[in-house]
Amino acid sequence: MALYNVPAPAKINLFLHVTGRREDGYHFLQTAFRFVDLNDYLSFVPRSDGQIRRVHSTLSDVEPEQDLVIKAARALQQATGTRQGVDISCIKNIPSGAGMGGGSSDAATTLIALNRLWNLGLSRQALMDIGLPLGADVPVFVFGQAAFAQGVGEQLQAIQMPPRDYIIIRPPQFISTGKIFSSECLTRDEKPITITFFTDWQEKFWQAKDNNPYFGRNNLESVAFNLYPDLKVLKQGLQSLKLNARMTGSGSCLFVECRDKQSAKTGQFEIDRNSSKIDFSGSEESNGGKLLVEQTWVCSGLQDHPLRYWIK
C-alpha cells in the first residue's frame, strides 16, 4: 500500500511574543498557531529493504541529509526499530524562509503518514516527542489543532478559532530563523499572558463587523524589518491600500486577516494590481511606486490539521 498526495499545511502565527531565553539559547515564546489550506503534498511508497530515499522532489536545492522529511523518517525508524523503508516525494507549494513552517509541516506529515504506512500504532504524544528534536514547530503540526503554545513552543493547548480567510503575501526575501533569533535587536522580555486573556480577547472580537484588530504583536517583526528594510516598505504599502498586515513567524511572509473569502480576494486583487516582482533599485519610489511582491495566495483558516484523525 502506498500513500499519495498527503497534505502538509502551512501555519501562521496570529501573534508571537518572546518572553525570555534559556541558558542553552532556546527562546521562551507565547504564540497562537493556525493552519491554512496552503499545502505541500507528499507521497510515500513502501520499501522492504529498509532504505529511505527522496525521489521526484521539488527540493532540488536541499541535500537529502539536510531534508527534514528524511530526518523525520529516519528518526521514526530509530525510535521504533522497524526495518521497513520508503521512497518519499514532495511537491512544495509553501515557500521556504517565509515563517510558514513548511519544513516542519513536511516532517510532521512524514511522521503521521509513516506511522500509518508502517502500521506502527504510535500515539500522538509519541510522534510529538519524536518530532520535537527535528524542530520546535514540528509538534504543533502533529498536535493537529489550532493551538496556544508556550515554553519553546512545545507546550500546546487547543483553542477554538473563528472562521477567517487570509491573504498571504510572499516577498522575495528568504529569512533565516536563526538570524532573527540571534539578533541583538531582539527584545526577549515581553510580559507573559494567560491563555484565557487571549481567548477572552478573541471572543470579544469574534462577531466584530469589521476586520478584527490583531492581538498583541509579533516581536520578531521589528527585527526582520531592521535587517530587511524592504519588508517594512511592503507593510507600509499594504497599509496605504487599507490592508492591515502582520508578519508570520520569523518571516518573510505577511498575512492579512479577512472576515470572508470575497474580502480576501478583493484585497489580493489590489495587492497584485499594485505590485511588481522586479526590484529596479531597492526602493519603492524608484520602482514606480510598486510593492515588491513575489506571490500572493488567498487561504482559509483551518481549525484542524487535515490528518488530525489519522492518529489517536
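The values are calculated or read from the model by the stated rules, or taken from the named source; none is laboratory data. All of these numbers come straight from a predicted model, not from anything done at the bench. Here Cβ is always computed from backbone atoms with ideal geometry, including for glycine, and neighbour counts include all displayed protein chains.
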Filtering region 80-97 for residues that are within 24 Å of Lys11 (Cβ to Cβ) and out of contact with any Lys or Arg (no Cβ under 6 Å at 6 or more places or on another chain) leaves a count of 8
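Would you kindly identify the helices (runs of 4 or more DSSP H) lying entirely within region 171-282 that contain at least 2 residues that are in contact with an Asp or Glu (Cβ under 9 Å, 6 or more places away or on another chain) and within 19 Å of Leu14 (Cα to Cα)? Give the derivation first.
Working: elements: 177-181, 195-205, 221-227, 229-240, 261-273.
Where helices (runs of 4 or more DSSP H) fall fully within region 171-282 and carry at least 2 residues being in contact with an Asp or Glu (Cβ under 9 Å, 6 or more places away or on another chain) and within 19 Å of Leu14 (Cα to Cα), they are 229-240, 261-273.
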Which of (1) surrounded by fewer than 23 Cβ atoms within 10 Å (Cβ to Cβ); (2) touching a residue at least 40 places away in the same chain (Cβ under 8 Å); (3) over 14 Å from the mean Cα position of the chain (by Cα) does Leu114 not meet, given it meets every other one?
(1)
Return the total of residues in region 17-47 being modelled with pLDDT of 95 or more and either more than 22 Å from the chain's Cα centre (by Cα) or closer than 19 Å to Gly144 by Cα (or both).
17
Of the numbered conditions (1) over 30 Å from Ala136 (Cα atoms); (2) modelled with pLDDT of 95 or more, Ser283 satisfies every one except a single condition; which is it?
(2)
Counted residues, region 127-168 - those being in contact with a helix residue (DSSP H, G or I) (Cβ under 7 Å, 6 or more places away or on another chain), surrounded by fewer than 20 Cβ atoms within 10 Å (Cβ to Cβ) and under 21 Å from Glu257 (Cα atoms)
2
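Restricting to region 30-43, give me the number of residues that are in contact (Cβ under 8 Å) with a residue 60 or more places away in the chain and in contact with a Ser or Thr (Cβ under 8 Å, 6 or more places away or on another chain). Walk me through it before giving the result.
In the first step, residues of region 30-43 are kept if they are in contact (Cβ under 8 Å) with a residue 60 or more places away in the chain; the result is 30-40, 42.
Next, from what is left, pick out any that are in contact with a Ser or Thr (Cβ under 8 Å, 6 or more places away or on another chain): 30, 36-37, 40, 42.
Of the residues in region 30-43, 5 are in contact (Cβ under 8 Å) with a residue 60 or more places away in the chain and in contact with a Ser or Thr (Cβ under 8 Å, 6 or more places away or on another chain).
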Evaluate region 111-120: report whether one residue or more is over 24 Å from Leu14 (Cα atoms), modelled with pLDDT of 95 or more, part of a loop (DSSP other than H, G, I, E, B) and touching a helix residue (DSSP H, G or I) at 6+ places or on another chain (Cβ under 9 Å).
yes
